[in-house]
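Below: the structure, in structure tokens.
The values are calculated or read from the model by the stated rules, or taken from the named source; none is laboratory data. Computed from a prediction, not measured in an experiment: that's the story for all the values here. As a convention, Cβ positions derive from the backbone with ideal geometry for all residues, glycine included, and neighbour counts pool all protein chains shown. Note: accessible area is taken over every heavy atom of the protein model, side chains too, but ligands, DNA and RNA are not part of it. Shrake-Rupley method; radii C 1.70, N 1.55, O 1.52, S 1.80 Å.
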Amino acid sequence: MSTSKILSAEQVEELLNTLQKRFEKNMHRHEGIIWGDVSAKLIAKPDKLWSLDEMEVTGGEPDLVGYDEETEEYIFYDCAAESPKGRRSFCYDLKAWESRKEYKPQNNVVDAASKMGIELLTEAQYQDLQEKGNFDLKTSSWVKTPEEIRKLGGAIFCDRRYNKVFTYHNGAESYYAARGFRGSLRV
């Protein structure tokens, strides 16, 4: 992840080209939305472009998945086939990270998402993502955990196996090479 939250003109151009190609390749994810409208809004929001770039460079392959008419915001999710490679082997949050006596992971998903300027997908958003394709066939992704589960030391994650989407639980301090996290961004 980069430290400067401002992209150069070249980075903006490269990111917009990447996003446009992905947008055009996956029209089933955002029927009825015009790329020109999306790109105009993105150009007007450099902080959101930076966050999308963070999603991209960590392997998330962000793509537009919808439009919220009430807030007039475009919605992006990480749409990589598997949980983003640059965001794996993290425990759930700082409290979980601090609870580990040995073999601490390099980061936690809650702080990493916050630093990127994105939100963790909720379980409902994860289900929505899976309606748009088949994701996490070999990996799994942490999702936003309800407070009542987190207070008891747990956290939840999801994946797709046997053509079905599953939600599981684990200790929040756990981390695995095949588990990362997916995010969402509203622009």
Among the residues of the range 60-68, is there at least one that is part of a strand (DSSP E or B), under 16 Å from the mean Cα position of the chain (by Cα) and among the charged types (D, E, K, R)? yes
Based on this model, can you work out whether Ser51 counts as under 30 Å from Ser174 (Cα atoms) and assigned to a loop (DSSP other than H, G, I, E, B)? no
Out of the range 160-184, which residues are out of contact with any strand residue (DSSP E or B) (no Cβ under 7 Å at 6 or more places or on another chain) and either in a strand (DSSP E or B) or basic (Lys, Arg) (or both)? Arg160, Arg161, Lys164
Hey, any hits in the range 106-121 for a residue that's at pLDDT below 95 and open to solvent by 10 Å² or more (accessible area, probe 1.4 Å)? yes
Check Lys138, Lys95, Lys144, Lys101 and return the single one that is in contact with a strand residue (DSSP E or B) (Cβ under 6 Å, 6 or more places away or on another chain) and either in a helix (DSSP H, G or I) or open to solvent by 40 Å² or more (accessible area, probe 1.4 Å) (or both). Lys144
Would you please name the residue that is least open to solvent (accessible area, probe 1.4 Å), looking only at residues in the range 122-135 that are among the hydrophobic types (A, V, I, L, M, F, W, C) and assigned to a helix (DSSP H, G or I)? Leu129
When the range 147-170 is checked residue by residue, the ones that are charged (D, E, K, R), within 17 Å of Leu94 (Cα to Cα) and open to solvent by less than 80 Å² (accessible area, probe 1.4 Å) are Arg150
Scanning the range 1-48 for residues that are touching a strand residue (DSSP E or B) at 6+ places or on another chain (Cβ under 9 Å) and assigned to a loop (DSSP other than H, G, I, E, B), which turns out surrounded by the most Cβ atoms within 10 Å (Cβ to Cβ)? His30
